[in-house]
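Comments concern the structure below.
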Amino acid sequence: MSKNSSLTPTNSQIGNPNTGVKKVEVTLGKALFSLVFLLAVLWAGLIFWVHLAEYNVLRWLSVICIALFSIMTLKVTLNQDRYWQQWLVGFMSLWLMLAAWFVWLPPKQDRSWMPEVSQVLQFTQDSRSPNLITLHNVRNFDWVRAPGSEKLIQPTQPYYYKAVEQGGQDVVAKERWSERTIDLNKLSGVDIINSYWMGEQIGHTLLSFRFEDERPLSFSIEIRKEEDESFSAFGGFVKQFELAVVASEERDIVYTRSNVRGEQVYMFPIQGLTQPQVQQLFMAYLQHAKELQQHPQWYNTLIRNCTTVIFDMARAIDPQSFPWDYRILASGYVPNYLYDEGLLPQQINGAPHHWDIDQWYIKAHVNPKVADFSFEDNQDPDAYSQKVRQGLPQPRLVP
């Protein structure tokens, strides 16, 4: 062999030019597979963690076994060790069986419910005057703070967390369910209420309907909690809670948030709606409650919650006035969405006010208005609703 030929590089010396690309593809493929695999494991683990909460030993044992089996499956699959196909098939089979059980898992009506969701909203409509509707099981509880709770000092500026670190539990002082007969023709307006306890991104959304000659009535889409159960955003992803429609007096469902739990409550009146639209929205709540009574549904933290259900009903009535927006999912920003869509009134007492969104939050903040409002004051059925609307526009419906 000549000296020159001995220096001629071979393919094995230089390497195939496609080798680097293939290595990148393999690495990305493994990374994507690992991500999907880990998400599947987390979902499965969350199901066991939530649904075995009453069996603590079994709960921990199940989660540990899932973790160990998953780690081994991922390791042998990525390395393509001996029998890796069997490990992967075994994992997929178990996961599919869990998924099949999850899909089958039915919501129920016959559980040991907490008092505030123990009754189901029902209604009857006058056959001779369909505009007259009697609501049954309207919640009208008295709430007080738990004994030994930390003193509640209300913030004077916009705030988005509980006003107390500890002891913010509410206690039923008196359980009371009532009936109310309303006249759809007397509907005069709608207010959206946002209640915050864990930051400005997430809030609980309620809707209050105003009437010409009656105190307002609030509706809330809520989880139907069982006894000794508390809200969990993670549990809401894996069918922990059934869905409920609650009709309530504001002195109950709003007062307990602002004056008992110490949540930060904001009320925003809505402009530009017609009376037929508001009537349809009111009836949509009642029909949804009726449907849930006949066919229970699961609450879902992301797609079927206190805010998305409201906007689904509103968009079914008028999709142009309520266009889709990511802030419907990030429910804490619903007021910003309403402001940007021109749904917040621009006048108060007939005069323009020119409030920007920051000023709106100041004006809409309920807690400073009721800082000195007591349990005794709240025994007047109208007092709380009047107090929280001080300084706010109350726009009339569009003819």
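The values are calculated or read from the model by the stated rules, or taken from the named source; none is laboratory data. Quick caveat, the model's predicted, so the values are computed rather than measured. FYI the Cβ positions are ideal-geometry reconstructions off the backbone, even for glycines, and counts take in every protein chain you see. These area figures cover heavy atoms from the full protein model, side chains too; ligands, DNA and RNA do not enter into them. Shrake-Rupley method; radii C 1.70, N 1.55, O 1.52, S 1.80 Å.
Averaging sequence separations of C-alpha pairs under 8 Å and six or more residues apart, then dividing by the length of the chain, give the relative contact order as a whole percent.
Taking the mean separation of contacting Cα pairs over the length of the chain, I get 16 percent.
Along Cα→Cβ, 7 Å out, is where each label goes; now give me the distance between the ones at H353 and S118 in nm to one decimal.
With each label point 7 Å from Cα toward Cβ, the separation is 4.0 nm.
Give me the one-decimal Kirkwood hydrodynamic radius in Å for the chain, with the sum taken over alpha-carbon pairs.
24.5 Å
With θ set to phi - 60° and the Karplus curve 6.51 cos²θ - 1.76 cosθ + 1.60, what are the ³J(HN,Hα) couplings of the range 174-182 in order, to the nearest whole Hz, using x for Gly and Pro?
Those phi angles translate into 8, 8, 8, 10, 10, 10, 9, 9, 10 Hz.
With the calculation restricted to Cα positions, what are the radius of gyration and Dmax of the range 286-327 in angstrom?
Rg, Dmax (Cα atoms, Å): 11.5, 31.
Whenever you get a sec, line up K75, K239, K363, K162 from highest to lowest accessible area (probe 1.4 Å, protein heavy atoms).
Solvent-accessible surface, decreasing: K75, K363, K162, K239.
With Cβ to Cβ distances under 14 Å as the rule, what net charge do the other residues near N305 carry (K, R +1; D, E -1)?
Result for the neighbourhood of N305: +1.
Take the Cβ-Cβ distance between F69 and M283 as r, set R0 to 56 Å, and report the resulting FRET efficiency rounded to the nearest 0.05. Please list the in-between numbers first.
Values: r = 51 Å, r/R0 = 0.91.
According to the calculation, E is roughly 0.65.
Quick one: ranking V120, V76, V21 by accessible area, 1.4 Å probe, largest first, what do you get? Working shown, then result.
On the way: V120 40, V76 10, V21 80 Å².
Sorted descending by solvent-accessible area, the residues read V21, V120, V76.
Taking the Cα centre of the chain as the origin and placing charges on Cβ (Lys, Arg +1; Asp, Glu -1), which of I133, V120, V370 is farthest toward the positive end of the dipole?
About the Cα centre, the residue reaching furthest to the positive side is V120.
What is the calculated FRET efficiency for E227 to L39, with r their C-beta to C-beta distance and R₀ = 41 Å, to the nearest 0.05?
0.80
Leaving ligands, DNA and RNA out of it, rank I202, I66, I303 by accessible area with a 1.4 Å probe, largest first.
I303, I202, I66
Taking every pair of Cα atoms in the range 125-233, average 1/r, invert it to obtain the Kirkwood radius, and report Rg/Rh to two decimals.
1.03
At what distance in angstrom do the alpha carbon centres of the range 316-362 and the range 71-146 lie from each other?
The range 316-362 and the range 71-146 have Cα centres separated by 32 Å.
Once the Cα atoms of the range 314-399 are picked out, what are the Rg and Dmax in Å?
So, for the range 314-399, Rg and Dmax equal 15.5, 44 Å respectively.
For the range 136-289, what does the relative contact order come out to in percent, with C-alpha contacts under 8 Å and a separation of six or more?
The value is 29 percent.
Order these peptides, 260-268, 214-222, 38-46, by their mean beta-carbon neighbour count within 10 angstrom, highest first. Walk me through the intermediate numbers first.
Values: 260-268: 23.9, 214-222: 21.4, 38-46: 15.3.
So the order, starting with the most tightly packed, is 260-268, 214-222, 38-46.
Through the Karplus equation 6.51 cos²θ - 1.76 cosθ + 1.60, θ set to phi - 60°, convert the phi angles of the range 245-256 into ³J(HN,Hα) values in whole Hz; use x for Gly and Pro.
Computed from phi, the couplings for the range 245-256 are 10, 10, 9, 8, 5, 4, 5, 9, 6, 8, 4, 5 Hz.
Given H placed on each backbone N at 1.01 Å, which residues far from I348 in sequence or on other chains put an amide H within less than 5 Å of it?
H353
Per 5 Å bin, what is the whole-percent P(r) computed from every C-alpha pair distance within the range 186-297?
2, 10, 18, 22, 21, 15, 8, 3, 0
Rg to Rh for the range 251-399: what is it, with Cα atoms only and Rh by Kirkwood?
Reported Rg/Rh, Kirkwood definition of Rh: 0.97.
Over the alpha carbons of the range 206-269, what is the largest minus smallest coordinate on each principal axis, giving the biggest first in Å?
43, 23, 22
With all protein chains present, calculate the accessible area of E341 using a 1.4 Å probe and round the result to the nearest 10 Å².
Approximately 80 Å² of E341 is accessible to the 1.4 Å probe.
If each residue of separation counts as 0.36 nm, what is the full-extension length gain between D377 and A173 once their alpha-carbon separation is subtracted?
Between D377 and A173, full extension yields 72.0 nm more.
Roughly how many percent of the accessible protein surface of the chain is carbon and sulfur, given a 1.4 Å probe and a whole-percent answer?
Carbon-and-sulfur percentage of accessible area, whole number: 57.
What value in Å³ per residue do you get for the convex hull of the alpha-carbon atoms in the range 31-185? Could the numbers behind the result be given before it?
On the way: hull volume 41.0 nm³, N = 155.
Normalising the Cα hull of the range 31-185 by residue number yields 265 Å³.
Return the calculated 222 nm mean residue ellipticity for the chain, to the nearest 500 deg cm²/dmol, obtained by summing -39500 (n - 2.57) across DSSP H runs with n ≥ 4 and dividing by the residue count. Before the final figure, lay out the partial values.
Details: 11 runs with 141 residues, N = 399.
Value at 222 nm, helices only: -11000 deg cm²/dmol.
How many angstrom separate the Cα center of the range 253-267 from the Cα center of the range 16-46?
A separation of 47 Å, based on Cα centres.
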